[in-house]
Amino acid sequence: MLQDQQIDNATATANRLSVRNIRKSFGELEVLRGISLEAHDGDVISILGSSGSGKSTFLRCINLLEIADEGEIWVDGEQIQMVKKQGKNIPVSSRQVDHIRAELGMVFQSFNLWSHMTILQNLIEGPVHVLKRPRAECIAEAEALLEKVGIAEKRHAYPAHLSGGQQQRAAIARSLAMKPKVMLFDEPTSALDPELVGEVLRVMRSLAEEGMTMLVVTHEMSFARNVSNRVIFMREGQIDSDGAPETMFSDAASPAFRQFIGSFRG
């Protein structure tokens, strides 16, 4: 048994992200019912499922925006330390929480940019004040990131003056400015007008091609099929099926997943 535990820990240490038996309830509602996942360096994992299947809660537990009731989370070989207090999990160290969150870039449905700051200021806030890096260096890197996502000319604009697609690209750049090991995307295109979705997906495809490890909760079937190297289908708080896109989008997929994707084909 001890040998098995040592092997498991060695696996977790070797992965960019390792999640084991995560459970989360809100009152009597059990939202996550024992989810495990391993993400290797460069994996692009699309997480699909109907509304209420637990996808967003799963990402929020990984990033410690929600604290799982049970289970283990390892980020780049480091286990997030928890302790039970009055029956609830509590992080042992707030310093470790801050460190782990810096390792995990997160992009939300809503853009979550600071409205009182310019786009450039949004990008440098974390590296300067959280990572304590030199301001001039952070500005240079932020400008390069804005060039990368195609909005360099908006560096001195405020978020309200950008389109939804531009704001989401700025949000991606802001996450990248922290030099994360893993990027978490929670339905990043769901709040966008249809004509703006493509510009955000192009940035995400570029990150995938560069080898960024990504977990993407999405309803963009073309992204899941053509960019991901793994697809996970969640149903009722559990992983119903998990496999390569060519398997998942074939007749070999589970009946529940075939029914799910059928709803997108009209």
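So that you can scan it fast, the table gives a plain yes or no per residue for (1) of a type in the set (Ser, Thr, Tyr); (2) closer than 17 Å to Arg16 by Cα; (3) in a helix (DSSP H, G or I):
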{"residue": "Ser53", "(1), (2), (3)": "yes, no, no"}
{"residue": "Leu59", "(1), (2), (3)": "no, yes, yes"}
{"residue": "Glu72", "(1), (2), (3)": "no, yes, no"}
{"residue": "Ile90", "(1), (2), (3)": "no, no, no"}
{"residue": "His99", "(1), (2), (3)": "no, yes, yes"}
{"residue": "Ala102", "(1), (2), (3)": "no, yes, yes"}
{"residue": "Ser110", "(1), (2), (3)": "yes, no, no"}
{"residue": "Trp114", "(1), (2), (3)": "no, no, no"}
{"residue": "Gln121", "(1), (2), (3)": "no, no, yes"}
Requested in this report: For Gly71, state whether it is under 28 Å from Asn226 (Cβ atoms) and in contact (Cβ under 8 Å) with a residue 40 or more places away in the chain.
Outcome: no
**Report entry** Condition met for Asp251 (over 19 Å from the mean Cα position of the chain (by Cα) and surrounded by fewer than 20 Cβ atoms within 10 Å (Cβ to Cβ))
**Finding:** yes
**Report entry** Enumeration of residues in the range 196-245 that are in contact with a strand residue (DSSP E or B) (Cβ under 7 Å, 6 or more places away or on another chain) and not hydrophobic (A, V, I, L, M, F, W, C)
**Finding:** Thr213, Thr218, Ser228, Asn229, Arg230, Gly237, Gln238, Asp240, Ser241, Asp242, Gly243, Pro245
Query raised in the report: In the range 74-93, is there at least one residue being at pLDDT 95 or above, within 28 Å of Arg205 (Cβ to Cβ), surrounded by 14 or more Cβ atoms within 10 Å (Cβ to Cβ) and hydrophobic (A, V, I, L, M, F, W, C)?
Result: yes
Query raised in the report: Can you find even one residue in the range 216-238 that is open to solvent by 30 Å² or more (accessible area, probe 1.4 Å), part of a helix (DSSP H, G or I), under 23 Å from Val75 (Cβ atoms) and modelled with pLDDT of 95 or more?
Result: no
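The values are calculated or read from the model by the stated rules, or taken from the named source; none is laboratory data. From a predicted model like this one, the values you see are computed outputs, not experimental measurements. So basically every Cβ, Gly included, is an ideal-geometry build from the backbone, and we count neighbours across all protein chains shown. Accessible surface is based on the protein model in full, side chains and every heavy atom, while ligands, DNA and RNA are left aside. Shrake-Rupley method; radii C 1.70, N 1.55, O 1.52, S 1.80 Å.
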